[in-house]
């Protein structure tokens, strides 16, 4: 009885530790990104707010100059009864004025809007477009300090956002895989796993060693990194090629690359106490009672999600965004989809930009939804890239094996 | 020109390694065959990907030019109408008003001008540019546009107006971005290898001099050399400096603006408030050469960024590993000390107790 309680306690401690790691890695990164963006918003507001008023005044003076000029040089100097000549003269003056307006707008003047350009929400979205490298460009720094600060801000912010992307993308990929396994492949159905496990075990026994190599290699990798209770991203950096562990068979190279984007199978850091700490505890990884359970979680991470599902998710997300933005901005469906695509692929032309409703001085729900849409969308794209890359690697490995087998056949 | 350099360098590297590894039984013909095979592989992977990217850009430029050029420009017509209306109202004011009351005339004209100005600003926000579609979509500009689509820079100084242009852009990006990512990874790998080889050669040269002077022979300590991050940063900043000077001279930007442009481009942010194409189109003479250089600058810069990313990742990984080892050593040390201390105190207590007992 006390032994059981102790096991429970250790499990509880593990859960708490996992929760803490989760908070520090994922939630911490999200909070860091948001805080960085808010700081950037205040900074750019302080830097750029002054210059905006200046250019506003300048355009006002320009307009007054023009009307004065018209009075002096057109109405007074020209013969008033020659209508066409006067109109022509006025037309050329207006054209000059128009080019001036165009240039001023390109320099960042925003004539039509009554509210100031650099409010909190617009500053926030500006900082967000900098660190996500979308860069709409409808708002851009005009002062020298603004430019310098933007450069520095981008240099510091982009790695941060990259961290956010890999972290959250991986997390989402893991969750999505679990959901996909549970719902679409019916992994949650009772009896399914046992049957499947039995079948697979049979296959493993029958097939060549290369299918079995993978779990063995994984297991063999961990003694090299005994303190796997630090954040798992640290131990196996995602998206990187890893130097092969000693004793790793050279042949299963593609296998390693298949497993590349995903972290070590969850049972290795979640439900088990690290062997160093819990020396009194028997490491109970492969105990027969829990093997089925662990097999399920293991299995959920090894399945690959088909590309079509990823594409469907992305298209659905874009359609959802196009609906929302179309409702706010009165864009038609194509324009909304175009805007969402251009934003999420981080191209960011800036010909369609959420307007008055999002960039108000007050903080409204639409602003929050817009920034959430962007941040979540980027993470979703990263997730889909993760999954798709995995799937493509899988296909590629299969193709390679098939070709190899074909070559062996010929000989 | 740029392509040639990594090629020769990587050749040297591979040849050297092969020579050192297999000295026995190396047939000349075998070597040549191997060399040839490697050359073909190189052509197909690195040069092939580069050529693919360039071809894709040219293809896209031609396509977008074709789609967008014969777009009847309603915007231009609309603005012309606005101007006409404004002139009309001004004339009306002049006719109807008392001409000798200057302040009221000026006031009214000011009102009209304000309305006109707001209309123009609204037109600009919906895409009016002051130029006709034929002027905008010249071939160099279209090339720059397709580059900005698939590299995800997205300057946005020229944008598609037609429905088919928008759909085409989406499709073009869907296929172009993977190709570009391929190019990015490939170029990054090649450049990283080249740079690493260069760095290691330079490093060994300098160290050999030192050791020769010291004790006449090299130390057998064979550590794996990683290129430090600072070297990457130097390369990147040198590249940006080159770009700064180049664009500053061509576009008459000041140095801050031109640095800003280079950083914003290489970071793929691409605000589009400074775009070299805009001015290049105006000056017809020699624009193509400048544009091609610009194109290559951006494309090569992306490769360099990829290289630095690769190298810095490696460096950071090594540093983290070292740090962790250090930390572990430190922890072990501390635990050792603590246990020793505990033992000491235990021993002390024990002695004390025994003395007390005594």
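Coordinate-derived values only; no laboratory data. In this text the structure is predicted, and so the values were computed from the model without any measurement. Ideal geometry is used to build each Cβ from the backbone, glycine not excepted, and the neighbour counts take in all protein chains shown.
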(message) Please compute, for peptide B:113-119, the average count of beta-carbon atoms on other protein chains lying within 10 Å of each residue's beta-carbon.
(response) 5
(request) Sticking with the crude label model, points 7 Å out along Cα→Cβ, report the distance from residue B:354 to residue B:313 in nm, one decimal please. (result) 6.2
(request) Using a 10 Å cut-off on Cβ to Cβ distances, tally the other chain neighbours for every residue of B:87-96 and report the average as a whole number. (result) 4
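Peptide A:93-102: average number of partner chain Cβ atoms within 10 Å per residue?
Averaged over the peptide's residues, the number is 6.
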(request) Run the quick spin-label model on residue A:396 and residue A:72: label points 7 Å from Cα toward the beta carbon, then report their separation in nm to one decimal. (result) 7.0
(request) Would you mind giving the average projected area, over all directions, of the Cα convex hull of the stretch B:44-153 in nm² with one decimal? (result) 9.2
(message) So if I take the alpha carbon set of the stretch A:2-171, get Rg, then get Rh from the Kirkwood formula, what is the Rg over Rh ratio?
(response) 1.35
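At a Förster distance of 41 Å, what's the computed FRET efficiency of residue B:320 paired with residue B:45, Cβ-Cβ distance as r, to 0.05? Walk me through the intermediate numbers first.
Values: r = 30 Å, r/R0 = 0.74.
The pair residue B:320/residue B:45 has a calculated efficiency of 0.85.
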(message) Cβ neighbours within 10 Å, averaged per peptide: list B:251-258, B:134-141 in order, most packed at the top.
(response) B:134-141, B:251-258
(message) If neighbour count is taken as other Cβ atoms inside 10 Å, put B:109, B:316 in order from fewest to most.
(response) B:316, B:109
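Could you compute the FRET efficiency for residue B:174 and residue B:329, with r as their C-beta to C-beta distance and R0 at 60 Å, rounded to 0.05?
Working: r = 51 Å, r/R0 = 0.85.
Computed FRET efficiency for residue B:174 and residue B:329: 0.75.
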(message) For a quick check: sort A:106, B:349 by the number of other beta carbons within 10 angstrom, fewest at the front.
(response) B:349, A:106
(request) Pop the C-beta distance of residue B:114 and residue B:74 into the FRET formula with R0 = 25 Å and round what comes out to the nearest 0.05. (result) 0.55
(request) Please arrange B:131, A:405, A:63 by counting, for each residue, the other beta carbons lying within 10 Å of its beta carbon, fewest first. (result) A:405, B:131, A:63
(request) State log₁₀ I(q)/I(0) for the stretch A:307-410 at q = 0.14, 0.15, 0.18 Å⁻¹ as given by the Debye formula over alpha-carbon point scatterers of equal weight, solvent excluded. (result) -0.62, -0.68, -0.87
(request) Take the alpha-carbon centre of the stretch A:143-157, take the same for the stretch A:45-71, and report the distance between them in whole Å. (result) 26
(request) Return the whole-Å distance between the Cα centroid of the stretch A:326-383 and the Cα centroid of the stretch B:127-177. (result) 20
